Structures are given as structure tokens and as C-alpha cells.
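One structure is given here, and the rest of the page talks about it.
What follows draws every value from the coordinates through simple rules; no lab data is involved. Small disclaimer: the values here were computed from a predicted structure and weren't measured. Glycine gets a Cβ as well: all are built from the backbone with ideal geometry, and neighbour counts include every protein chain shown.
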Amino acid sequence: MAQSNFDRRRINGPEESFPPTFEDDEGEPSSLGWRLGQPRQGRAASDIRPIFLKAGLITQANGSAYIETQRSKIACAVYGPRQSKSTVYSENGRLNVEVKFAPFSCTRRKVPIRDAEDRSVAVQIHQALLPSIRLELLPKSTIDIFITIIENDGIDGCIAAGSVAASTALADAGIEMLGLVIACSACTIGKEIWLDPNNDEAQASSGTLIYASMPALGTVTNVSQNGRLTPDEAIRCMEACQERCIDIHAVVAEALLENAQQS
Amino acid sequence: MSSDLVLPGQPIPIPRGPIPQLGTGVYAREGAVRASLTGTPRYEGPVGTRPLPRPPAPNSVVLGSITRLSPLQAVLSITVVDGVPLPAGEEFTGVIRVQDVRATEKDKVKIADCFRGGDVVKGLVISLGDARSYYVTTARNDLGVIFATSEAGATMEPVSWQEMRCPKTGKIEKRKCAKPEGL
């Protein structure tokens with residue numbers, strides 16, 4: 001028995017779990033009822049899911065943000081700048097990103113132990129944020145970003161939304177940045193490019209791409225690609241994301257201004 | 001009012017003429033001055049936001065309590081930087097080395113005759129120090145112990161720059177006292 005890594009501190013769920021099956025789900029290829037070649041259900045190919053973003057929800061954190069795009073829900077808290085725990089002297093500050101999935105965030109239960117998936121998400125968000133933060137102003141200090149994925153509907157969308165939430169939380173925390181980081185995801189379905197895919201759409205696509213940028217400066221901070229995309233498709237994805245990032249930037253700006261006026 | 005607020009990355013209009021010296025919260029990139037914080041830009045002083053806790057930097061005045069003593073140095077836990085308190089649990093560690101306690105007769109300084117555990121000390125950060133701690137000095141009249149309790153547990157009052165008296169027992173204990181300004 002795998003008793004050695006049995007977690008005694010938490011209430012352990014059953015060893016196996018199954019996503020609930022609903023009557024109207026059965027007999028369909030995906031919950032969308034969508035087949036290759038059909039146009040996108042619910043929204044246009046270049047549309048993203050509506051975003052709800054609010055800064056400053058977690059009171060004990062220095063800065064925080066909550067983002068919700070339909071069935072993706074992410075909370076983000078920023079602590080610091082605080083003293084670095086490492087023993088080496090560093091002229092620049094450090095950025096530390098931790099991502100946690102809530103046990104109920106996915107269709108299958110997530111064990112509350114760090115696995116490879118949350119680390120790779122954290123690396124992506126770290127990479128997207130790093131060029132935006134003025135770490136040269138914070139010698140010997142660390143900024144800690146904790147991201148909790150409350151509900152996960154497509155990991156690409158979660159990485160993009162997590163980056164946006166983290167950047168908003170950093171601005172709320174009053175950490176000096178070159179600009180706000182905005183990220184958007186895209187996937188290719190057939191010949192079309194669909195922006196901000198949800199889980200089912202990402203599963204059906206041949207490749208996905210996440211694009212993070214600072215629209216205020218017109219610079220790209222991170223691009224990552226998964227699956228199969230031709231160079232031409234990748235460039236078209238990036239162009240589509242770039243355009244949409246400007247719209248998301250307006251949403252973030254509105255949330256931050258609203259928060260700044262309240263405090 | 002909302003038009004006055006700027007967001008990180010937003011360009012700040014600068015009137016014609018020489019570019020002003022940039023303070024905190026702004027930076028110059030490709031010839032344009034941009035904000036790096038959310039707030040209202042001002043021509044004098046930094047971008048106005050609520051006072052934010054900052055890590056100590058050289059020349060910042062800090063308050064902290066002594067946590068550990070050794071013959072060579074006193075360790076203090078910095079809780080206030082430039083008048084802004086740090087959030088609980090996010091203290092920085094500072095070190096007062098024996099040569100940084102006072103300006104004169106540095107070789108005669110005994111750490112035990114200058115600080116005791118729990119004393120609240122006002123100091124000046126002289127350097128970023130090593131990986132673990134900031135170097136703090138008290139070598140100025142207005143720097144040193146500002147609050148201390150005696151062995152009997154009463155709050156002591158300073159009688160000279162190196163002695164404090166317990167009001168309960170009348171006993172005199174040695175400290176490197178601060179003479180705060182405006183007294």
C-alpha cells in the first residue's frame with residue numbers, strides 16, 4: 001500500500017473519483033455538441049469569454065485580484081517585498097510564483113500535493129510577469145505571488161487569466177512595474193483560430209498558444225505553444241491575441257481605477 | 001478625478017522644457033516618462049499612493065527591537081522603515097556591529113553595555129549588508145535605544161547618553177540612548 005505518502009493532515013478524498021454524468025451529456029461527442037467543421041458554439045471565433053476582474057479582495061495580502069471568465073475562476077495574492085530567505089546576496093529582487101489547484105477545480109479531484117502540472121503553470125506565469133517588474137529596485141527582497149485556481153476550464157485559459165490576475169494584484173500591491181501584463185490564449189480548430197478556448201475546445205484543437213504582452217509598451221513578455229501549429233498559424237494566433245490583449249488591458253485598467261478610487 | 005490617476009506603463013505628459021528629475025513611481029523609456037505605480041503623478045514628490053511598506057535602503061531610518069546579542073554585534077528585527085510600519089511577520093533583520101554603535105572610542109564599546117534584548121532601537125541603514133541582514137548604525141546623537149525595560153520590568157528613563165534609570169528600583173542600567181529631536 002502507498003501508506004508512506006498518505007497525507008494525515010488533510011481530509012483525504014476517496015482514492016478514485018469520477019466526474020458526474022448528466023443526462024443531456026450522454027451520447028454527444030463533447031459537452032458542446034460540436035463537430036469538426038462546424039462554427040463555434042456560443043460565440044464568434046475571435047471572441048473571448050467575458051471577464052470579471054476585481055482587485056483587492058484578499059485583505060491580509062499586500063495586493064490581490066480575483067478573475068473569472070465563465071467557468072475559470074482564479075484568485076491571486078501578492079505578498080512582499082519581504083526579506084529573501086535564501087542565503088545568497090542578490091542585487092535584484094526575486095519573483096516567486098506558486099500555483100495551487102483547489103481539489104475541486106478540475107473534473108477529477110486534484111490531490112493537494114504539488115505535482116508537475118501546477119509547477120509548469122507557475123513557470124509560465126513567472127516568465128510572463130518577470131520582464132514587467134522593476135526588480136532592480138528591490139535588492140535582497142522577494143515578491144511572493146500565490147495563485148489559487150478555484151475552477152479550471154482549460155489550462156491555457158487559466159495560465160492567461162492567472163497572468164492577468166497576478167499583474168493586477170502586483171499593481172494593487174504597489175510594486176513598481178514597467179507596465180501591466182496582459183495574456184490571451186488561442187487555439188487552431190481546422191483552419192480557424194479560436195481565441196480563449198475553454199477545456200473542450202482546447203482538447204479538440206490541434207495546437208494552442210499563449211501570448212503575454214505589455215500593451216502599454218507594445219512589448220511581448222512570453223509566448224508559449226503547445227501541440228502542432230504551423231509557423232503561419234502561430235503568427236496568426238499571436239496577431240489575434242495581440243489585438244484582444246488591448247481589450248483585456250482596458251478591463252484591467254477599469255478594475256484598477258475603480259479600486260484606486262475606493263481606497 | 002479618474003483622469004488624474006495613472007496606471008503602470010501609462011505615459012505621463014510632461015510640459016515643454018527640461019525633463020524633471022524622476023522620483024519613485026516613474027521611469028523613462030524610449031524618451032517617454034511612464035508611471036510604474038497606480039496613483040496620481042505630482043511634480044514634487046513621488047507618485048502619490050497610500051504609503052506602502054518598502055524594504056530598507058541605505059540612509060533609511062529604521063526602528064526595530066533587539067533579538068540577539070553577541071560580543072561582536074547586536075541583531076535587531078526591523079519593524080518600521082522610514083516611518084512606515086511593515087506588515088506583521090515580514091520583518092527584516094538588521095545588524096549593529098560593535099564599530100557602528102557610536103562615533104567615538106569605538107574600540108571601547110561593549111555590546112552588552114549598549115543594548116539588551118527587547119530594546120527598541122532607532123538606527124540608520126548604512127549598507128545592504130550581507131545576504132541575511134542590513135547593516136545599521138546608531139553612531140549619531142538622535143540614534144540609539146528609545147525604549148527599554150529594566151530588570152524589574154518597568155519602562156526606564158534616560159539619564160545620560162549611556163545610562164538609563166529604572167523608576168521602580170532606582171537602579172542604573174547602561175544603554176546607548178538616543179536623544180530624539182524636538183526634546
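Using a 10 Å cut-off around each Cβ of peptide A:72-83, what is the average number of partner chain Cβ atoms that fall inside? Before the final figure, lay out each step's value.
Numbers: counts 0, 0, 0, 0, 0, 0, 0, 3, 4, 7, 8, 11.
Rounded to a whole number, the mean comes out at 3.
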Residues B:VAL6, A:VAL181, sorted so that the one with the fewest Cβ neighbours within 10 Å comes first: B:VAL6, A:VAL181
Which of A:VAL97, A:PHE22, A:SER84 sits farthest toward the positive end of the charge dipole of chain A, with +1 on the Cβ of Lys and Arg and -1 on the Cβ of Asp and Glu? A:SER84
Given charges of +1 on the Cβ of Lys and Arg and -1 on the Cβ of Asp and Glu, with all other atoms neutral, how large is the dipole of the protein assembly as shown about its Cα centre, in debye to the nearest 20? 2140 debye
Qualifying lysines (Cα of each under 21 Å from Cα of A:LYS110; at least 8 residues distant if same chain): A:LYS73, A:LYS100
Which Cys residues of chain A have no other Cys beta carbon under 4.7 Å away? A:CYS76, A:CYS106, A:CYS158, A:CYS187, A:CYS237, A:CYS245
Over the range A:43-262, the quotient of the Cα radius of gyration and 2.2 N^0.38 Å is 0.98
Restricting to lysines and to Cα separations under 25 Å from B:LYS108, and discarding same-chain partners fewer than 8 apart, the set is B:LYS122, B:LYS171, B:LYS174, B:LYS176, B:LYS179
So what is the calculated 222 nm ellipticity per residue for the protein assembly as shown, using -39500 (n - 2.57) for each DSSP H run with n of 4 or more, over all residues, to the nearest 500 deg cm²/dmol? -5500 deg cm²/dmol
Report the charge-dipole magnitude of the range A:76-139 in Debye, nearest 20, computed about the Cα centre from +1 at each Lys and Arg Cβ and -1 at each Asp and Glu Cβ. 280 debye
Of the candidates B:GLY170, B:GLY83, B:GLY94, which one comes out as most mobile in a Gaussian network treatment of chain B with C-alpha springs shorter than 10 Å? B:GLY170
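Defining a contact as two alpha carbons under 8 Å apart and six or more residues distant in sequence, what relative contact order in percent does chain A show?
Details: 517 pairs, mean separation 51.0, N = 263.
Value for chain A: 19 percent.
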Count, for each residue of B:29-37, the Cβ atoms from other chains sitting within 10 Å of its Cβ, then give me the mean as a whole number. 4
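With a 10 Å Cβ neighbour count serving as the proxy for reagent exposure, in which order, fewest first, do A:SER163, A:SER72 appear? Please report the intermediate quantities before stating the final value.
Working: A:SER163 32, A:SER72 25.
Exposure proxy ranking, most exposed first: A:SER72, A:SER163.
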Highest GNM mean-square fluctuation, chain B, Cα pairs closer than 10 Å: which of B:PRO53, B:PRO87, B:PRO41? B:PRO41
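If you take each beta carbon of peptide A:176-189 and count the beta carbons of other chains within 10 angstrom, what is the mean?
Numbers: counts 10, 8, 7, 8, 5, 2, 0, 0, 0, 0, 0, 0, 0, 0.
That works out to 3 on average.
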Cβ density ranking, 10 Å radius, fewest first, applied to A:CYS245, A:CYS187 yields A:CYS245, A:CYS187
When chain B is modelled as a GNM with alpha-carbon springs shorter than 10 Å, which of B:ASP100, B:ASP119, B:ASP130 fluctuates the most? B:ASP130
At q = 0.13 Å⁻¹, work out log10 I(q)/I(0) for the protein assembly as shown with the Debye formula, treating every Cα as an identical point scatterer and leaving solvent out; two decimals please. -1.13
Largest first and rounded to whole Å, the semi-axes √(5λ) derived from the alpha carbon gyration tensor of chain B read 41, 17, 15
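Longest exposed-loop-site-free stretch of chain B, with GluC sites (Glu not before Pro), DSSP loop and at most 14 other Cβ within 10 Å? Walk me through the numbers on the way to the answer.
Numbers: sites that count: B:GLU30, B:GLU44, B:GLU105, B:GLU151, B:GLU181.
Counting only loop sites that pass the neighbour cut-off, the longest clear stretch is B:45-104.
Within 10 Å, at most 11 other Cβ atoms, and a DSSP state outside H, G, I, E, B define an exposed site. Report the longest part of chain A free of exposed chymotrypsin sites (Phe, Trp or Tyr not before Pro). Before the final figure, lay out each step's value.
On the way: sites that count: A:PHE6, A:PHE22.
With a cap of 11 other Cβ atoms within 10 Å, the longest stretch comes to A:23-263.
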